[in-house]
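To start, the structure under review is shown below, and the notes come after it.
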């Protein structure tokens with residue numbers, strides 16, 4: 001084979017890999033109409049609220065003796081829509097806890113989810129906003145005034161870590177991936193790059209996410225190796241115990 005043919009095959013191989021990634025992870029998806037985007041935002045505001053847990057999936061894995069690397073972890077999550085004047089779109093306060101209560105000693109993670117129309121893609125994105133001083137913000141669903149006076153300067157977020165969302169044809173689910181390769185963080189142990197491999201699916205009473213990181217060789221270094229997404233199901237309202 002001549003050097004010229006080898007170069008052509010190499011270039012074609014790269015193009016095919018890029019096209020495949022676009023099809024799988026949605027990076028080349030077309031813009032949606034304003035009406036389609038608004039329908040997604042309206043559904044998010046209505047659906048993403050309440051207390052959620054992965055207990056059903058977690059217990060099923062245990063009952064079926066699922067191998068450790070394929071198990072889904074036990075999670076408790078709270079989602080509460082909030083009104084703010086520093087960010088566009090639908091804003092959801094989220095917090096995780098170890099036991100599903102609002103006890104500040106057991107709350108492990110706090111932040112905001114921003115669902116907004118991205119001007120560059122013309123699609124609804126989900127972006128995670130992290131409080132710079134997270135210790136000051138717990139149980140915001142009980143005291144929304146904690147968000148008064150804040151600006152985007154009070155948050156951090158990672159570029160390239162948005163989810164690009166589409167309403168499924170049934171109208172009963174919103175789903176979308178994160179572009180593969182654009183969302184990275186350093187592995188706390190080795191310092192090497194971890195690459196987010198993630199997608200979400202939202203229904204009227206469930207929030208699913210893949211939530212795993214792989215290394216540059218494609219090996220899972222965080223999260224389950226199962227291709228079944230983590231499934232959080234709504235089990236109550238915003239009030240503790242119901």
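The values are calculated or read from the model by the stated rules, or taken from the named source; none is laboratory data. Values in this document were obtained by computation on a predicted structure and should not be read as measured data. All Cβ positions, glycine included, derive from the backbone under ideal geometry; neighbour counts span all protein chains shown.
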> Within segment 163-203, can you find the residues that are touching a residue at least 12 places away in the same chain (Cβ under 8 Å), part of a loop (DSSP other than H, G, I, E, B) and over 19 Å from residue 42 (Cα atoms)?
Replying inline: 179, 180, 181, 182, 183, 187, 192, 198
> Across segment 197-221, what is the number of residues that are within 28 Å of residue 38 (Cβ to Cβ) and either outside the structural domain of residue 51 (by TED's automatic domain parsing) or under 15 Å from the mean Cα position of the chain (by Cα) (or both)?
Replying inline: 12
> In this structure, does residue 160 turn out to be in contact (Cβ under 8 Å) with a residue 24 or more places away in the chain, surrounded by fewer than 18 Cβ atoms within 10 Å (Cβ to Cβ) and in contact with a helix residue (DSSP H, G or I) (Cβ under 9 Å, 6 or more places away or on another chain)?
Replying inline: no
> Only one of these conditions is not met by residue 149: (1) in contact (Cβ under 8 Å) with a residue 24 or more places away in the chain; (2) out of contact with any helix residue (DSSP H, G or I) (no Cβ under 8 Å at 6 or more places or on another chain); (3) on the phi > 0 side of the Ramachandran plot. Which number is it?
Replying inline: (1)
> Just one of 173, 186 is surrounded by 14 or more Cβ atoms within 10 Å (Cβ to Cβ) and either within 19 Å of the chain's Cα centre (by Cα) or under 21 Å from residue 37 (Cβ atoms) (or both); which is it?
Replying inline: 173
> Out of segment 110-134, which residues are touching a strand residue (DSSP E or B) at 6+ places or on another chain (Cβ under 9 Å) and surrounded by fewer than 13 Cβ atoms within 10 Å (Cβ to Cβ)?
Replying inline: 132
> Restricting attention to segment 123-142, does a residue exist that is under 25 Å from residue 56 (Cβ atoms), in the same structural domain as residue 73 (by TED's automatic domain parsing) and assigned to a strand (DSSP E or B)?
Replying inline: yes
> Which of the residues that make up segment 119-136 are free of Cβ contacts under 8 Å to residues at least 60 places away in the same chain and closer than 17 Å to residue 183 by Cα?
Replying inline: 125, 127, 128, 129, 130
> So which residues in segment 35-80 are without any contact (Cβ under 8 Å) to a residue 60 or more places away in the chain, in contact with a strand residue (DSSP E or B) (Cβ under 9 Å, 6 or more places away or on another chain) and buried (at least 19 other Cβ atoms within 10 Å of the Cβ), if there are any at all?
Replying inline: 76
